[in-house]
Amino acid sequence: MSASDEGIAAAAGYAPHPYVGGRTAALRALAAWRMRWPGAPRVIVLTGNPGSGRSRLVTGFLMMCDPGYRKQLPLDDLDPATVPPDLPAPAVPNPSGRTAAQLLWVIADHFGLHADRVEDIFPELAAREEPVTIVVPDVDRAGPVRAAHEPARLVRDVLKPLAATETVQLLADVPRELAAELAEALPSGQAQIIDLDAPEWADPKGLVLHAETALDPGAGAPELPFTTDPAVRRPLAEALARRADGSPLTVQLAVQSLLMQPEGFDPADESLLPATVGEALDLHARRLDVDPQTLRLLLAPLAFAEGEGLPVQLWGALANAVAGWDMSQDLADGMLLAAPFIQPVEPDADEGADDEAAGDGADDGRMLLRLQHPGIAEEIRSGLPDVRDAQTKIAMALLEAVPQQNWAKADPYIRDHLAAHTLEAGLLPQLLTDPGLFAHADPVTLRAAIEAVPLEQLGAPARTYLRTAPLLTRSQAPADVRAAFLESAFVEDGLAPYAEALHTLGFDLPWRTLWSVPLPGVRAVTTGSLPQEGDAGTAADPGADGAGSGGEGAAPASGTATALRPVAAFVVPAGTPGSRTMPGPDGDASEDGGALLLHDLLRPGYVDADPTQVQLPSEEAKAAAPFGFSRGADYLRVWARAGQEVVAALLSDTPLTGADLSPDGVLVVATERGVTARQILAAAPAAAPTVPAQRTGAADSAASDGLEGDHS
């Protein structure tokens, strides 16, 4: 297929695609790929410059691949070689804003795969009897954080393995710098690169048609001297296409500029038409008697905007920051100046729902703005003298816009995307010391930003966040529950001040983490009490955790009075420092080689005492306890006995090996990494923090057997 096919199609009298308006050569190649025509490649890599029309081409092609949408198209009028066969619609996973791992799970869910790990997805696809067709558009828009370079990761971790899977027929729209890497990974003949800017795929006549249609009052253009007269409109369209050198984006911006500000435009003067996106910006500014640099500075905050767009109320402050002077008057007078290059965006419904769940209503009714095309943003960023300096100014302005430095009151954009701005400014490690931000920020975007920083540059709190982030993204929990998970993680990593700070920030935390010990190999845990007479016993030091003396946790004694010291008993491998051999049924040593290790229940510190002296809660105490619990393989729920409402939900990134709940509400949980104790804070049944059902995991089971089994 080549551009000569355009002339053949036109000579045959075929109508252009109603949405694409041309690109016959590329559409023929895609149709041959879809029908698996003999000699057609199994993988097509679609590429081109920003604004070359890749997204429009893929969208128009997918219209003909969708059985329902095909009925709305005049297929009989189109070139038959451009029309794919009537087959089930291909899978079209959208990478926009998603990480490579997220996109893989979208694919797995679409095909109903049973993989539990990312690396199992490709073998499952390869084992399918019937081949599958996958179209991945807009790879350049992948990732929640632009500076994290997610498109390259997506090509490496998703598209290359998909392309190498013989049962997968793949079409991917990728940036030019990544196209060769994807195609060269395959044997000769299996992949084809379609570069829409290359001469063999160019579509100059289609671009003229695109310009002429945009200028036509019948298609919505205003009635102007150069739009109503076909004798003027057609030559202008040809001149626009010729000057734009094959760039649909340049033509689009030029037409929008002319229609919005026609005064002073002479359609016969081709020098007034842009050859690039940058010239479209500058010519529009000059026609409004404005310095082009003013327009670029006004648009700079939108060029750096993350996510769906920038809240309109933040635009002015960020423009002032980038420019270094007050641009409020320029902004007030500049809506006509900026209008051809921006578009409003309604807030994402899912984002609003998450904010509501988190108790934040800062985005209610807000309007977002973004640039018409990523190619405009690329042009504006490339024209700035120092991108890192601009991002630093934006980050500082966003920080100043947080009311009383209270993240709960911050605009959702600031909470969720400040990390992305500081990443490109080189300041992210300095930001990662605020536990409030850790809890309030969208964990997907914050995690992506942190993972882009070399691990050796991260401080201890950031490393704790990075370790916990998979739980936060997996659970999709609101801010209060994220804060609870982080509170425990900080205690587990020896960062108690950060955990305590979360209790002062207004979160409704379900627990307070009392202590945590890194102790692998714990098979079960039990809570109870240890009677003590006279002075408290001294603590044993198992050597692994560096915990302080357990004696400080003993109740004061006087004379021979008996005090009860709450303790937790761990079933550990024999030989664990500080442990005692577990007695068997007849009082002899246990045959399975297990041992018991005692720990204070309410504070850090092991206890050196005879495990046989531990008293378990009475049946009356169990029945009167306000809470019970149930657990699965990697999650646990605490519920109030009155009303059976869940008051705390715990999710673990490693399997649970034991759990018990004392009558006064201290939850002790063992995992493959260690043991952690949490005091349940709920005084009465409360609203249940929602942790959705997980991808894997057993049904709720009884508590692990400690000294005498289930105490729930």
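Couple of notes before you dig in:
- By the rule of a C-alpha distance below 29 Å, with chain neighbours fewer than 8 residues away ignored, the lysines paired with K205 are K71.
- Net charge in the neighbourhood of M327 (other residues with Cβ under 14 Å of its Cβ; Lys, Arg +1, Asp, Glu -1) is -2.
- Here K409 is the anchor, and the lysines within straight C-alpha reach of less than 22 Å, apart from those fewer than 8 places off in the same chain, are K393.
- The accessible surface of the range 399-500, taken with every protein chain in place and a 1.4 Å probe, is 52 percent carbon and sulfur.
- Value in Å of the Kirkwood radius, where the range 115-187 supplies the Cα pairs that are averaged: 13.0
- Note on the range 236-325: with neighbouring protein chains present and a 1.4 Å probe, carbon and sulfur make up 49 percent of its accessible heavy-atom surface.
- Rounded Å value of the spacing that divides the Cα centres of the range 641-685 and the range 230-258: 66
- Segment L399-E263, extension gain: residue separation times 0.36 nm, minus the distance between their alpha carbons: 44.8 nm
- Binning all Cα-Cα separations of the range 439-526 at 10 Å, short to long from zero, yields these whole-percent fractions: 16, 46, 32, 6, 0.
- For P225, net neighbour charge (Lys/Arg +1, Asp/Glu -1) across residues whose Cβ lies under 13 Å away: -3
- Fraction of C-alpha pairs exceeding 25 angstrom in the range 196-306: 23 percent, rounded to a whole number.
- Fraction of the pair-distance distribution of the range 24-103 above 21 Å, Cα-Cα pairs, percent: 33
- Dipole magnitude for the chain: computed about the Cα centre from +1 point charges on Lys and Arg Cβ and -1 point charges on Asp and Glu Cβ, it is near 760 debye.
- Neighbourhood net charge (10 Å Cβ-Cβ; Lys/Arg +1, Asp/Glu -1) for V522: +1
- Residue-normalised accessible area of the chain, expressed per residue, 1.4 Å probe, Å²: 42
- Mean projected area in nm² (Cα convex hull; one quarter of hull surface) for the range 179-233: 5.8
- Residues of the range 20-56 with amide N under 19 Å of the 7 Å Cα→Cβ point at S96: 20, 46-56
- Here the accessible area of the range 129-210 is 52 percent carbon and sulfur, with a 1.4 angstrom probe and all protein chains present.
- Projected area averaged over orientations for the range 204-244, convex hull of C-alpha atoms, nm²: 2.5
- Maximal additional length on extending the A332-Y19 stretch stands at 109.1 nm, based on 0.36 nm per residue less the C-alpha distance.
- Sequence-distant residues sharing a close amide H with N49 (under 5 Å, placed H): D197
- Amide H contacts under 5 Å for T657: A670, T671, E672, restricted to partners 5 or more places along the chain or on a different chain, H placed in the peptide plane at 1.01 Å from N.
- Protection proxy ranking of 124-132, 280-288 - average other beta-carbon atoms within 10 Å, highest first: 280-288, 124-132
- Geometric descriptor of the range 138-177, per residue, is 70 Å³ (volume of the convex hull of the Cα atoms).
- Stokes-Einstein D for the range 152-250, Kirkwood Rh over Cα pairs, 37 °C, 0.692 mPa s (µm²/s): 201
- Mean projection area, nm², convex hull over Cα of the chain: 37.9
- The long axis of helix 292-303 is offset from the longest Cα principal axis of the chain by roughly 40 degrees.
- Across all Cα atoms of the range 20-156, the radius of gyration (one decimal) and Dmax (whole number) stand at 16.1, 47 Å.
- Cα gyration tensor shape for the range 390-453, rounded if a/c is under 1.5, else prolate or oblate: oblate
The values are calculated or read from the model by the stated rules, or taken from the named source; none is laboratory data. Everything numeric in this text was worked out from a predicted model, so none of it was measured. When we count neighbours, we look across all protein chains shown, and the Cβ atoms used for this are built from the backbone with ideal geometry, even at glycine. Protein only, heavy atoms only, side chains kept; ligands, DNA and RNA dropped before computing areas. Shrake-Rupley method; radii C 1.70, N 1.55, O 1.52, S 1.80 Å.
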